[in-house]
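Take a look at the structure set out below.
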Amino acid sequence: MMEKPDPVLLEIMRNRWRGMAEEICAVMVRTSYSPNIKTRFDCSAAIALPDGQILAQAEIGTPLHLGIMPAVIRSVLRRFPIDAMQPGDAVVTNLPYPEGPGHLPDVSLVSPVFYEGQPVALAATTSHHVDVGGYSPGSMPFDVTEIYQEGLQIPPVRLIRAGEIQEELIELIEQNARTRIELRGDLMAQIAASRTAETRVVEMFDAADTKQVLDYMGHILDHAERCMRSGIESLPDGEYTFEDYLDDDGSNDEPIRIAVRVTISGSEFTADFSDSGDQVSGPMNCRISACRACTYYVVKAVVDPDLPTCAGAYRPLTVIAREGSVLNAHFPSAIGNANILTDQRVVDVLLGALLKAVPERVCAACSGEMNLINVGGIDPEGKYFNYVETYAGGQGAHHDLDGSDGIHTHLTNTRNTPVEVIEKTYPLHVTAYGLIPNSEGPGRMRGGCGVVRELVCLADRTAVTIGADRRRFLPWGVKTDHHARGQHCYLIRSDGTRELLPTKFFTYLKKGDRLRIETPGGGGWDDPALRDRDQVRYDVAEGLISRSRAREIYKDK
Amino acid sequence: MAFRIGIDTGGTFTDVVIQTDEGNELSIHKVHSTREEPDRAVIEGLRLALRHTESEYDDIELLVHGTTVATNALLQRRGSKAALITTVGFRDILHIQRQCRPRLYDLRSRRAEPLIPRQLRFELNERIGPDGDIQTPVDIVQLHTIIDQLREANVGAVAVALLHSYENPAHEIKVARLVRERLPDVTVCTSHELSPQIGEYERFSTCSVNAFVQPVMERYLGRLDTTLRQDGLRAPLFVMKSNGGVIPASTAARECVQTILSGPAGGIVAGMAIAQHHNNSNVITADIGGTSFDVAVIANGNAGFARDAEIDGIALKAPMLDLHTIGAGGGSIGWIDAGNALRVGPRSAGALPGPACYGKGGDDPTVTDANLVLGRLATDSRLAGGMQLDIDAARRAIQEKLAQPLGLAVESAAEGIVRVVNANMVAAIRKLTVERGLDPGDFVLIPFGGAGPLHGAELAQECGIGQTLVPSAPGVTSAVGLLMSNLREDRVVTHIELLENLDANHLETLLAEVESETVSRLQTVSDGTNLSCRKRTMAIRYLGQSHDVPVPITSGTPDLRQIAEDFHQSHERMYGFSRPDQPLELVSMWVTIELDIQPLVLPRGRTSTGHPEPIATRSVIFHGEPHTTPIYDRTDIGIGCQVVGPAIIEQTDSTTVIWPGQRAAVDDYGQILLDAMT
């Protein structure tokens, strides 16, 4: 039986472990090669107890890693129980089945930390690598039906054995990636991060009483659990349901149903997604670990954005998804684009359900997708290039707050690639980057506007993948039937012909072809006729809402 | 008698510091700041200081001013009506920023609104390519139409920010020229002049900040200069910049974006100067005030520069000293979270209502209340301008809000507050050192600000820092720093090229050009003072990386092989690995030019009058135990004095805590040198 924790030491220890996770993440970001991690921060780092419970996690660019990291560590421990590991080992994996990272590009590294011969902690990092092979550059193709087509699958294997880097293994992985320098560089960054973790954990134990440090690792989890329970208790008990749809899976026109039943009972929170549609043939299937990540994100955002991120906080949460459904698909279903599309819809339905419980804490639908674009090929100098970015959209309005225009929402928060960097680095010419007038979801509080980006290809045979959604099922408003404008993507040939492309596709472009991508806006709140007249006129003066739209929808005379 | 004066405008007080050329005397004067018209306090403070020292305006050789006018105009969004002219297709860059929200989990968090509204952001047909080639010439007819609209909108300033102007500024120059010609009363600034670096949002944003603030700064400095001249000032007036150097007031307005972090820069400069006199070039400065903790790291005599500086959500790419700020200070509030941990900050009681012990209606327990309860602060503290501190109110706040709910004694809860806030500050120090591959053990800590010396010894202990050096006037360190600064300019030139393709001679020509241009410009504004320092740095990365490492050029002409070697070494040190097999890429070059405008003299301390006598003793709690502790007056502690803790040293603007068994000695400059705790 552990003693009751000292509230001061608890706070100091908590800060130290959190600082350590942040430092590990910072090391990884700074040593990484690819802009994906450097500027988009699509990575995270965690320290866990030897049994796999996460003690502290740092995430900068996306909350998706929150639920995924525990799954990664569990899958590693299943293959290499902690007693079978030795100092200096590090296990790599990217395999989402039976559980693990959300998709193949999320290569993860887990290593044990020993103190005086005993395993005392695990260090784990996940980072979204530029490419791990498969059908198309960036390893997130459409037109695929199996994970085999999506890229190299790495089950948990030891990348480092007792301090010895398995060079041949790296060569095998490298050989499968289109951007091998970046792959090796980013992998080395993860290794540097795990070495930092080892040093810091050992320093921590050196400086204090071993038993005390171990006891407080447990106390930190209990503390987070208390915080989370007290937050959930502030939500009214009840059952809340909501459903929404993804347009399609990229292979046919069938909408994909995403539904949730949230049950709040005292300090327990259950999200049951079993009523969602069956798994699909396109790469839009999801793993349950991703549903957990979405649930953790929503509860944290609604309950208290400052809640600690560790295993203790997740104890009161239960996430259920029917096996064989789109949110808990069987091997070897293709899953590559769930992270950018399906997961955002999972968040939408969770927020939609909570709207019925705590409307003042929730916002209308945001753009609801990430509009991933991946452009790759050979530049005029004969070098392989790959440009990847997720585009911002409109944010949903709150009952007392307009949504932001052109911003990353929910599961993504990565910086854009500057126009000047795109043009300097890739054979691409950018002709427009800005807000789309009249794309907002109208309301007393309006949603945010979507974004347009126009790219002209300067090289022949440029491979383009776009992963987007929200063209048929538009971002919804609250207390209003108006929706925000949906996603559009046009291909404009050099002869001026213009073609509307599907939301999800993979194709080759010719030199001179122009791609115009328009992202969805965010939903509004309440009747637009009730909107403050000065605000309506300001938006008109700003050119974000047209005069006629103000007249027709906002009823401004 | 000739002397130099530093005047620093702070939130509460405007500090005036006078130093004679011999440097033996440092006299300090404080007046209340006048928020609406900060120049009133500056003038009043100066007159007061002259009266007190029985001096004349003619005695002043040099006046250096640290001002927050630009900062406040930005923070309060009280700048000019500004417009933007930008490349067609890109007027929303200022709005979208980098497309991120400030807080990952907070659905209500919002980006800062752009300083220039969309209706005043004009798009112009023109285009420079990524290599500086002109793809589309400036549409002059359209430009004239835009200028007509600018006139009609009656704007006070225009920011000209076009794509790829860091490669080729021709279009920005052309546009600016025509706008100036037709609108001679309007302030015009260009992005390539203010920040010639790749990355449109940061460059455009920097330009918009300058346009927004410049007219305000011009009015302020104009008014100040006029009054000072009327009063009889003949000496030059300089203004502190964010890079730790100064510029003449006459040019400060034009580049006001460089003065946004002028205040804290003074403290860092003072820290560097103090360290120099101690033959230690590795310094951590820790400025602890009422609401914030500002930490900066000076490694090998160089203060780092911030990479992605942001003020209140607006990006600023001007050379500014790298300062890490967290919400931790005397006013930080202790509270219990839902999980029963004792937490401190970031909420602060500020100056009003202030800590519970101020008796101004605050009932939240703060760090100041905790220090008072522990006996580290005196109840008749001179800190808050002779205010009597109410220890009962402090005890009550801690008892009711923390001790009772947690089941702790009041003293334990008070100690808890201090330990937690210290841990938060230690985390900030570690971020700037350990995270960057620096060992805090190689550094000396310089704590200042009202509360710095209260916490200094513990911070050093927790971070593994050996020595702590408490400046002679901790509360006015920023003002003192004004008297230690030089004319300084940092220029960054974007130059992206593979290292193997670089020609050292070509590089030398390029650097020399930037340098001589900068030197001659600085010399014209400072009556031909001497070049005191020239530094060159290359920012290099592995090809494919997007993060660069600064590599100083130590030899005269750049030795590329040496530079490559230094890069791999730095990379190894900072990040734990290097890849000598990989090609290197130059990203940009930094040139630093410094011209002496004043001698760097640290004021001498008072000579000792033998063994100091305590002015009192009181019970102070250390490690949970009360210790009978002698209290000294700082003015009694002269050069050579030695004190062994426990001891408290009080002075008008600060209190220094010396822990039991800790040794303290006063150096030749009147600074207290604390050894590591044993």
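Just a few scattered comments:
- Selection status of A:Thr125, within 14 Å of chain B (Cβ to nearest Cβ), among the polar types (S, T, N, Q) and within 21 Å of the chain's Cα centre (by Cα): yes
- Some residue of the stretch B:95-116 being at positive phi, crowded, with 20+ Cβ neighbours inside 10 Å, in the same structural domain as B:Glu193 (by TED's automatic domain parsing) and within 35 Å of the chain's Cα centre (by Cα): yes
- Filter result (away from chain B (no Cβ under 14 Å) and either modelled with pLDDT under 95 or surrounded by fewer than 24 Cβ atoms within 10 Å (Cβ to Cβ) (or both)) within the stretch A:441-461: A:Arg444, A:Cys457, A:Ala459, A:Asp460, A:Arg461
- Test result for A:Arg345, basic (Lys, Arg) and in a helix (DSSP H, G or I): yes
- Counting the residues of the stretch A:304-333 that are more than 14 Å from chain B (Cβ to nearest Cβ) and part of a loop (DSSP other than H, G, I, E, B) gives 11.
- Taking the stretch B:473-486 as the range and being touching a Gly at 6+ places or on another chain (Cβ under 7 Å) and buried (at least 24 other Cβ atoms within 10 Å of the Cβ) as the test, the residues that pass are B:Pro474, B:Gly475, B:Thr477, B:Ser478, B:Ala479, B:Val480, B:Gly481, B:Leu482, B:Leu483, B:Ser485.
- Failed criterion for A:Val144 (all others in (1) more than 14 Å from chain B (Cβ to nearest Cβ); (2) buried (at least 19 other Cβ atoms within 10 Å of the Cβ); (3) at pLDDT 95 or above hold): (3)
- Those residues of the stretch A:147-176 which are surrounded by fewer than 24 Cβ atoms within 10 Å (Cβ to Cβ) and in a loop (DSSP other than H, G, I, E, B), in sequence order: A:Leu152, A:Gln153, A:Ile154, A:Pro155, A:Pro156, A:Ala162, A:Gly163, A:Gln166, A:Asn176
- Residues that are at the interface with chain B (Cβ under 9 Å from one of its Cβ atoms), surrounded by fewer than 24 Cβ atoms within 10 Å (Cβ to Cβ) and in contact with a helix residue (DSSP H, G or I) (Cβ under 6 Å, 6 or more places away or on another chain) were ranked within the stretch A:398-428; the one that is farthest from A:Pro528 (Cα to Cα) is A:Glu420.
- Only one entry in A:Val299, A:Val262, A:Val319, A:Val303 is more than 27 Å from A:Pro50 (Cα to Cα), among the hydrophobic types (A, V, I, L, M, F, W, C) and at pLDDT 95 or above, namely A:Val262.
- Residues that are in a helix (DSSP H, G or I) and surrounded by 23 or more Cβ atoms within 10 Å (Cβ to Cβ) were ranked within the stretch A:68-101; the one that is nearest to the chain's Cα centre (by Cα) is A:Ile68.
- Complete set of residues in the stretch A:491-512 that are surrounded by fewer than 19 Cβ atoms within 10 Å (Cβ to Cβ), within 26 Å of A:Ser139 (Cβ to Cβ) and of a type outside the set (Lys, Arg): A:Leu491, A:Leu501, A:Pro502, A:Phe505, A:Thr507, A:Tyr508
- Among the candidates B:Glu650, B:Glu613, residue that is touching a helix residue (DSSP H, G or I) at 6+ places or on another chain (Cβ under 9 Å), assigned to a strand (DSSP E or B) and not polar (S, T, N, Q): B:Glu650
- Exclusive hit being in contact with an Asp or Glu (Cβ under 9 Å, 6 or more places away or on another chain), within 20 Å of A:Ile24 (Cβ to Cβ) and in contact (Cβ under 8 Å) with a residue 40 or more places away in the chain, set A:Ala123, A:Ala162, A:Ala90: A:Ala123
- Those residues of the stretch A:284-295 which are crowded, with 24+ Cβ neighbours inside 10 Å and in contact with a strand residue (DSSP E or B) (Cβ under 8 Å, 6 or more places away or on another chain), in sequence order: A:Met284, A:Asn285, A:Cys291, A:Thr295
- Subset of the stretch B:539-577 (residues that are away from chain A (no Cβ under 14 Å), in a helix (DSSP H, G or I) and among the acidic types (Asp, Glu)): B:Glu565, B:Asp566
- When the stretch A:15-42 is filtered for residues that are facing another protein chain (nearest Cβ under 8 Å) and either in a strand (DSSP E or B) or among the aromatic types (Phe, Trp, Tyr) (or both), only A:Tyr33 remains.
- The residues listed here are B:Thr145, B:Thr68; of these, the one that is in contact with a Gly (Cβ under 6 Å, 6 or more places away or on another chain) and more than 14 Å from chain A (Cβ to nearest Cβ) is B:Thr68.
- Of everything listed in (1) in contact with a Pro (Cβ under 8 Å, 6 or more places away or on another chain); (2) more than 23 Å from A:Asp539 (Cα to Cα); (3) aliphatic (A, V, I, L, M), the single unmet condition for B:Ala73 is (1).
- Qualifying residue in the stretch B:300-323 (condition: within 30 Å of B:Ala397 (Cβ to Cβ) and outside any loop (DSSP other than H, G, I, E, B)): no
- Conditions (1) more than 10 Å from chain B (Cβ to nearest Cβ); (2) within 25 Å of the chain's Cα centre (by Cα); number of the one not met by A:Pro63: (1)
- Among (1) within 14 Å of another protein chain (Cβ to nearest Cβ); (2) hydrophobic (A, V, I, L, M, F, W, C); (3) in a helix (DSSP H, G or I); (4) surrounded by 21 or more Cβ atoms within 10 Å (Cβ to Cβ) - the single one A:Ala45 does not satisfy: (3)
- Elements of type strands (runs of 3 or more DSSP E) contained in the stretch B:121-187, each with 3 or more residues being surrounded by fewer than 18 Cβ atoms within 10 Å (Cβ to Cβ): B:134-136
- Residue match in the stretch A:387-397 (condition: part of a loop (DSSP other than H, G, I, E, B), touching a strand residue (DSSP E or B) at 6+ places or on another chain (Cβ under 7 Å), aliphatic (A, V, I, L, M) and at the interface with another protein chain (Cβ under 8 Å from one of its Cβ atoms)): yes
- For the stretch A:525-541, taking the residues that are within 13 Å of chain B (Cβ to nearest Cβ) and either part of a helix (DSSP H, G or I) or modelled with pLDDT under 95 (or both), the one that is farthest from A:Pro359 (Cα to Cα) is identified as A:Ala541.
- Residues in the stretch B:71-94 that are part of a helix (DSSP H, G or I) and more than 8 Å from chain A (Cβ to nearest Cβ) were compared, and the one that is surrounded by the fewest Cβ atoms within 10 Å (Cβ to Cβ) is B:Leu75.
- Per-region count, the stretch B:585-605, residues touching a helix residue (DSSP H, G or I) at 6+ places or on another chain (Cβ under 8 Å) and either within 13 Å of another protein chain (Cβ to nearest Cβ) or surrounded by fewer than 17 Cβ atoms within 10 Å (Cβ to Cβ) (or both): 2
The values are calculated or read from the model by the stated rules, or taken from the named source; none is laboratory data. All values derive from a computational prediction rather than experimental measurement. Note that we place each Cβ from the backbone using ideal geometry, even for glycine, and neighbour counts take in every protein chain shown.
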